[in-house]
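Asks: Here you go, one structure.
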Amino acid sequence: MTNIDSTRFFVIDDHPLMREALVMMLRRLKAGAQIVELSHIGALREAVERHGTPALICLDLKLPDAVGTSGVLEVHARYPDVPLAVVSASPAEDFETACLDAGADVFISKSSPASDILAALRSLLAADGEPDFEDTTGTGGGQGIKMSKRQKQLIIMLDQGLSNRDIASQLDISEHTVKVHLWRLFRRLGVNSRTQALHFARENGLLG
């Protein structure tokens, strides 16, 4: 069984100032957390062997030994159960969908306000253990799927045709946080898009 420590995080970025900024944010989320800083993906395997499997990996797209989604694919293939946040200066419109398809849980732009980056990281950690996502109840669907109250709420909002911005406004959270919640929902249902999620929900009686 993989030994994942909820207070251990890895930051993979070859820019020292960006690593320092992410470390400070992660310490704000989890006081006393162990944070391992790496400058390239090649050092990841040894770091895991030495420190143990982290509860979160923050990954830059442009590294000495990886460019674009190649790094995302490699990290996700090695540690598919570890939440993966891509934190990049690359334009979201060019890379976000590709990163999510490659296995990232969220794409965060380095140009985003610190509050948005914090919110996205907090939501990603919450998705793997905070009460909002542990309070699951049976849906009554034919597949025996269990969802949190927030995930059921998201299904209804998707059925209403709300955009990420609309959902963020109604729930009083950032759009980054909405994206994290949606991709966790998609993984729970085994789908890859809003359309597939709604089709699954209708086929399995998840809309009530």
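Asks: Students often get this wrong, so check it: of LYS146/LYS179; LYS62/LYS110; LYS152/LYS179, which have C-alpha atoms separated by over 18 Å?
Replies: The answer is LYS146/LYS179.
Asks: How much length would be gained if the chain were fully extended between ASP81 and HIS40, taking 0.36 nm per residue of separation minus their Cα-Cα distance, in nm to one decimal?
Replies: Stretched out fully, the ASP81 to HIS40 stretch lengthens by 12.7 nm.
Asks: Let me have the 222 nm mean residue ellipticity of the chain computed from DSSP H runs of 4+ only, each contributing -39500 (n - 2.57), with the sum over all residues rounded to the nearest 500.
Replies: Here the helix-only value at 222 nm equals -14500 deg cm²/dmol.
Asks: Name the shape class, rounded, prolate or oblate, that the alpha-carbon gyration tensor gives for region 1-77, where a ≥ b ≥ c are the square roots of its eigenvalues, rounded holds for a/c under 1.5, and otherwise prolate holds if a/b is larger than b/c and oblate otherwise.
Replies: oblate
Asks: Specify which residue in the list PRO80, LEU189, ALA31 is farthest towards the positive end of the charge dipole of the chain, using unit charges on the beta carbon of Lys, Arg (+1) and Asp, Glu (-1), about the Cα centre.
Replies: Going by the charge dipole, the pick is LEU189.
Asks: How large is the dipole of region 1-54 about the Cα centre if only Lys and Arg carry +1 and Asp and Glu carry -1, each at its Cβ, rounded to the nearest 20 debye?
Replies: In debye, rounded to 20, region 1-54 gives about 240.
Asks: Once the piece of chain linking ASP159 and ARG50 is laid out straight, how much longer is it, given 0.36 nm per residue of separation minus the C-alpha distance between them?
Replies: On the way: separation 109, 0.36 × 109 = 39.24 nm, distance 4.60 nm.
Working it through step by step, the gained length comes to 34.6 nm.
Asks: Considering every Cα-Cα pair within the chain, what fraction, in whole percent, is farther apart than 32 Å?
Replies: 16
Asks: Let me ask you something else. Among ALA66, MET157, PRO54, whose Cα projects farthest towards the positive end of the dipole of the chain, with charges put on the beta-carbon of Lys, Arg (+1) and Asp, Glu (-1)?
Replies: MET157
Asks: Which one of ILE108, HIS40, LEU17 has its Cα pushed farthest toward the positive end of the charge dipole of the chain, where Lys and Arg give +1 and Asp and Glu give -1 at the Cβ?
Replies: Ranked along the dipole, the leading option is ILE108.
Asks: Ok, one more. Share of antiparallel DSSP beta bridges in the chain, in percent to the nearest 5?
Replies: 20
Asks: Express in nm, to one decimal, how much length is gained between LYS110 and HIS15 on full extension, taking 0.36 nm for each residue of separation and deducting their alpha carbon distance.
Replies: Once the chain is fully extended between LYS110 and HIS15, it gains 33.0 nm.
Asks: Could you let me know the centre-to-centre spacing of region 40-76 and region 160-205, using Cα atoms, in angstrom?
Replies: Cα centroid of region 40-76 versus Cα centroid of region 160-205: 27 Å apart.
Read the figures in this text as sums done on the coordinates, not as results from a lab. Computed from a prediction, not measured in an experiment: that's the story for all the values here. Note that each Cβ is placed from the backbone with ideal geometry, even for glycine, and that neighbours are counted across all protein chains shown.
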